[in-house]
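Just below is one structure, and these are the notes that go with it.
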Amino acid sequence: MHMLRHSDRFAVRHEILLTKAEPGPYEAEARSLVIPLHRLPLRDGRLRWFANFVTLLKKQGPYAAVHSHGAPIFTAPVLAAAKAANVPIRIAHSHSARSMGSDYPLKHRIGRRVAMLWLKRVATRRIGITEAAIKAIAGSNWRRDPARSVLIFGFYFCAKV
């Protein structure tokens, strides 16, 4: 919301996609700032949700960018859906440096590894809120790629052309 409060400074229009049916803590403030909100709850299952997300992007677009922050296991398919909807800029944003050590179940470690490989194919940019966070989604050589960086503030948005 910090960045959205200053959205008049941006050259693009920001929109928010909400994945829960119930109102969130910042929803009223976003509405007061006249920021378009789209609600697409996850309750109908992940595969249906992603198909509906592609449809939303195509019908409501064109969009210049989709920015998703969260676990790679969710962000990778979100950005894959954006790629399927021909959104040219797809940003993966990491807020944590959580590692998947041996104390995590094998299926979680495999899921994260697959998601990380998928991110390489669908994300056009990867950012983290700290150096540890960017390393978690872009590797220790993240500085070698200009499409990987640290950004202190970020949020989930879709930007219209």
Report task. State, as an integer percentage, the relative contact order of the chain based on alpha-carbon contacts under 8 Å between residues 6 or more apart. Result -> 27
Query raised in the report: Here are several values of P(r) over Cα pairs in 10 Å bins from 0, in percent: (i) 10, 28, 28, 24, 9, 1; (ii) 10, 37, 38, 13, 1; (iii) 10, 33, 32, 14, 7, 4, 1, 0. Which one was derived from the coordinates shown?
Result: (ii)
Report task. Would you mind working out the accessible area per residue for the chain, using a 1.4 Å probe, and quoting it in Å²? Result -> 59
Query - Hz values of 3J(HN,Hα) by residue in the range 113-129 - Karplus curve (6.51, -1.76, 1.60), Gly and Pro given as x - result: 4, 5, 4, 5, 5, 5, 4, 4, 8, 10, 8, 8, 8, 10, 9, x, 7
Query raised in the report: Using the Cα atoms as the points, what is the convex hull volume per residue of the range 1-75 in Å³?
Result: 107
Query raised in the report: How many lysine pairs in the chain, separated by 8 or more positions in sequence or lying on different chains, have Cα atoms less than 27 Å apart?
Result: 19
Query raised in the report: Expressed as a whole percentage, what fraction of the accessible surface of the chain belongs to carbon and sulfur atoms when a 1.4 Å probe is rolled over the protein heavy atoms?
Result: 56
Report task. Could you work out which residue, out of Leu37, Leu79, Leu47, moves most in a Gaussian network model of the chain, that is, has the largest mean-square fluctuation with Cα springs under 10 Å? Result -> Leu47
Report task. Report, by chain and number, residues whose modeled amide H sits under 5 Å from the one on Gly139, excluding near sequence neighbours (fewer than 5 apart, same chain). Result -> none
Report task. Counting only DSSP beta bridges with both residues in the chain, tell me the antiparallel percent, nearest 5. Result -> 30
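The values are calculated or read from the model by the stated rules, or taken from the named source; none is laboratory data. It should be emphasised that the depicted structure is a prediction, and the values quoted were computed from it without experimental measurement. For accessibility, only protein heavy atoms count, side chains too; no ligands or nucleic acids. Shrake-Rupley method; radii C 1.70, N 1.55, O 1.52, S 1.80 Å.
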